[in-house]
Amino acid sequence: MSTASQSLDLFPIGNCAASALIDRQGRFVWACLPRVDGAPVFSALMNGPDLPDHGYWAVDLEGQVSVEQAYWTNTAILRTVKRAADGSELEIIDFCPRHPKLGRTYRPLAYCRVLRPLKGTPRVTIRLRPSADWGARAAAHTSGSNHVRYLCDHGTLRLTTDCAVSHVTDERTFRLERPLSFFLGPDEVYAQDVGFGVAETLEHTRKYWREWVRTLSLPLDWQEAVIRAAIALKLCVHEETGAIVAALTTSVPEFADSGRNWDYRYCWIRDAYYVVRALNRLGAADMLESYLAYLRNLIDQTLYDLNSETGPNLNSGPAHIQPVWGVGLEPSITEREAPGLSGFRGMGPVRIGNQAHEHVQNDVYGQIVLPLAQTFYDLRLLRPATFDDFHALEKVGERAFHMYDKPDAGLWELRTIARVHTYSALMCWAACDRLAKAAEHLGLSSRAAVWRERAETVRARIETEALVEGEGRYAASFGGEELDASLLQMVDLGFLDPDDPRQAATFAAIEKGLRRGDHLFRYVIPDDFGEPETAFNFCTFWYIEALALNGREDEARSLFEAMLARRTSAGLLSEDIEVETGELWGNYPQTYSLVGIINCAVLLSRPWAAVR
């Protein structure tokens with residue numbers, strides 16, 4: 001894995017419990033167990049510019065001259081075809097099982113590979129080298145007649161295969177003369193023929209993904225891009241709890257040697273809000289309901305005294321809600337470094353945990369209220385909201401009203417700078433506004449009046465404190481003049497109408513101050529680590545939406561097509577992009593960026609009526 005080949009051109013596979021990233025040579029280079037935020041069993045992606053001596057799973061073809069990769073249509077199943085100079089060919093099918101079984105969803109912590117000769121007699125070498133000690137060394141192994149056991153950090157992984165076990169343990173080059181199957185999962189006996197079992201679960205998994213995609217309400221245009229983004233977003237779900245992680249990786253730098261290396265394998269309330277909002281536009285109610293359950297548990301854990309013999313204490317005062325949580329609702333995700341890994345392309349450090357869990361970020365209250373407010377209206381949901389749910393949600397609104405004009409770290413999580421961020425105040429306004437509307441819908445007129453008054457109070461402060469005198473546009477903070485791409489969300493949240501002159505002035509200022517080429521920066525002023533050097537992909541999508549709202553739809557479509565051209569071979573994006581070269585940086589696949597693809601496609605697409 002040279003520096004040139006160690007890129008983010010990676011294909012994710014997964015089943016909402018296990019996940020992995022596979023590179024352009026068909027190698028597993030990143031996967032963590034027993035959860036997405038666990039220790040890596042494949043760690044090569046984060047261990048220097050060259051292929052290390054462990055932390056990957058490769059199938060090397062002797063005399064290889066080419067490789068092609070693509071997902072099976074509308075699935076998370078990856079097919080890799082390798083060709084050798086002598087004309088021989090093989091295919092590798094990689095997937096994580098996911099399908100109905102015995103009345104529940106079968107989604108084991110397991111990875112499946114199928115090797116098949118296609119032409120001639122390929123000669124292959126299998127190199128299965130999992131990691132231990134957070135990537136510091138190769139996992140020790142033992143073997144039996146049909147299996148190999150690898151002693152990893154989270155426990156023992158067992159490979160069951162119909163390949164000769166010594167071919168795997170000795171990394172012997174051999175002739176691939178028939179299909180071979182590999183099931184790498186829990187240390188349990190695989191109680192059936194592995195070839196038949198893997199083939200059966202492969203077909204069931206293929207059927208599951210195709211049927212799930214059929215439930216999506218797609219735009220007419222850019223369907224392939226939307227489908228691929230939606231599947232990748234689903235792979236970022238930890239289904240056991242409903243958590244949605246920001247990305248599958250940790251510590252891919254925001255740009256080269258920047259030190260801006262963060263662990264994104266956790267559930268940010270903000271990121272998850274945007275994910276469910278985008279998927280809601282596609283009708284993916286399953287992910288919405290799963291995440292709403294996570295949110296309700298989070299609220300209980302944060303706001304209520306669950307040890308009270310009389311039940312939740314609904315009369316308790318407002319409580320702080322942290323912006324990011326572990327996928328199992330763990331509040332403490334202490335940030336530390338992994339000394340055994342040198343980093344992506346050797347650009348360390350590799351971080352575990354995220355200090356943002358200690359931050360005050362006041363926008364989170366709105367991002368809790370907005371998705372949960374939908375439950376008071378949506379008749380599709382299996383669990384309709386109750387009056388008790390509304391009163392519980394009011395506690396979050398209380399906190400929003402209490403904190404809207406207090407300094408915080410903001411949505412960009414500044415570590416040493418605190419301001420009253422306009423975006424945070426805006427989300428607190430949205431919390432009050434949606435609670436007023438929900439109360440009115442429920443017939444709670446007195447509560448509706450309370451929340452309308454509070455929404456008006458917050459609105460008045462924003463209009464007074466965040467408006468730049470003499471320019472008629474909004475600033476990123478109360479009393480400031482600086483620009484921030486998040487101000488483009490004022491229309492989407494319903495604070496401003498598209499034809500409001502303040503919207504036009506704010507958009508014009510952001511376009512002039514933050515646009516670089518085809519991309520938009522979050523901000524350009526120095527932060528804790530100096531001046532940003534890459535554009536934030538999600539902000540570029542916000543800008544594309546704003547172009548359309550300001551009547552420049554042709555330009556919006558052109559920029560959207562340019563962004564789609566920047567996607568990896570898997571059809572995905574990371575967090576950041578280098579403006580001059582188009583190289584992707586930051587964690588991958590990044591949910592924000594995938595949300596941007598979906599939102600812009602839905603907004604810019606022709607209506608189905610155009611072809612019906």
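The values are calculated or read from the model by the stated rules, or taken from the named source; none is laboratory data. None of the values given here were measured: they were computed from a predicted structure. With ideal geometry, Cβ positions are generated from the backbone for all residues, glycine too; neighbour counts draw on all protein chains shown. In case anyone asks, the SASA skips ligands and DNA or RNA and just uses the protein heavy atoms, side chains included. Shrake-Rupley method; radii C 1.70, N 1.55, O 1.52, S 1.80 Å.
Annotations
- Helical runs (DSSP H, four residues minimum) scored at -39500 (n - 2.57) apiece and divided by the length of the chain put the mean residue ellipticity at 222 nm at -10500 deg cm²/dmol.
- Dipole magnitude (debye, nearest 20) for the chain, charges at Cβ of Lys, Arg, Asp, Glu: 1880 debye
- Ranked order, R27, R270 - accessible area, probe 1.4 Å, largest first: R27, R270
- Using the Cβ-Cβ distance between D500 and D554 with R0 set to 22 Å, the FRET efficiency from 1/(1 + (r/R0)^6) comes to roughly 0.45.
- Surface/4 estimate of mean projected area, convex hull on alpha-carbon atoms of the range 505-612, nm²: 7.8 nm²
- Charge dipole of the chain about the Cα centre (unit charges at C-beta), most positive-ward option of G513, P323, T422: P323
- Relative contact order for the range 489-612: 20 percent, from Cα pairs under 8 Å spaced at least 6 residues apart, divided by residue count.
- Longest to shortest principal axis, alpha-carbon extents of the range 427-473, angstrom: 43, 14, 13
- For S19, the amide hydrogen comes within under 5 Å of the amide hydrogens of C32, counting only partners 5 or more places away or on other chains and with H modelled in the peptide plane.
- Out of every Cα-Cα pair that the range 362-406 contains, those further apart than 16 angstrom amount to 39 percent.
- Relative contact order %, the chain, counting alpha carbon pairs below 8 Å whose residues are six or more apart: 13 percent
- From the C-alpha gyration tensor of the range 385-503, square roots of 5λ in Å: 27, 17, 11
- Applying the Karplus relation 6.51 cos²θ - 1.76 cosθ + 1.60 with θ = phi - 60° to the range 11-28 yields 3J(HN,Hα) values of 10, x, 10, x, 8, 6, 9, 9, 8, 7, 10, 10, 8, 6, 9, x, 9, 5 Hz, where x marks Gly and Pro.
- Relative contact order (%) - criterion: Cα under 8 Å, at least six apart; region: the range 95-162: 17 percent
- Semi-axes of the equivalent ellipsoid for the range 556-612, computed as √(5λ) from the eigenvalues of its C-alpha gyration tensor and ordered from largest down, come to 25, 12, 9 Å.
- Computed on the range 336-446, the Cα convex hull volume stands at 153 Å³ per residue.
- Prolate/oblate/rounded call for the range 438-563, Cα gyration tensor, a/c under 1.5 rounded: prolate
- Based on Cα atoms of the chain, Rg over Rh with Rh as the Kirkwood radius reads 0.98.
- Under conditions of 4 °C and 1.567 mPa s, the range 124-241 yields 75 µm² s⁻¹ as its translational diffusion coefficient, taking Rh as the Kirkwood radius over Cα pairs in the Stokes-Einstein equation.
- Put simply, the C-alpha atoms of the range 13-96 give a gyration tensor, and the ellipsoid matching it has half-axes of 24, 18, 8 Å, longest first.
- Expected-Rg normalisation [2.2 N^0.38 Å, Cα atoms] applied to the range 183-289: 1.34
- One decimal place: the segment A319-T142 gains 58.6 nm when fully extended, by the rule 0.36 nm per residue minus the C-alpha distance.
- Long-range lysine pairs (8 or more apart or interchain), the chain, Cα under 28 Å: 9
- Taking the charge dipole of the chain about its Cα centre, with +1 at Lys and Arg Cβ atoms and -1 at Asp and Glu Cβ atoms, the residue from F560, M403, P253 reaching farthest to the positive side is F560.
- What the phi angles of the range 580-586 give under the Karplus curve with 6.51, -1.76 and 1.60, with θ = phi - 60°, is a coupling list of 6, 9, x, 6, 7, 9, x Hz, glycine and proline written as x.
- Phi angles of the range 516-526 translate, via the Karplus equation with coefficients 6.51, -1.76, 1.60 and θ = phi - 60°, into HN-Hα couplings of 10, x, 8, 10, 10, 7, 5, 6, 10, 6, x Hz per residue; Gly and Pro are given as x.
- Between L381 and A293, the distance separating the two model label sites (each 7 Å from Cα on the Cα→Cβ line) works out to 1.4 nm.
- Cα gyration tensor shape of the range 198-256, rounded if a/c is under 1.5, else prolate or oblate by comparing a/b with b/c: oblate
- Paired Rg and Dmax values of the range 41-156, which use every Cα atom, in angstrom: 16.4, 48
- Residues whose placed amide H lies under 5 Å from that of V420, excluding near-sequence neighbours: D408, F478
- Column: log10 I(q)/I(0), Debye, Cα scatterers of the range 240-305, q = 0.12, 0.18 Å⁻¹: -0.40, -0.75
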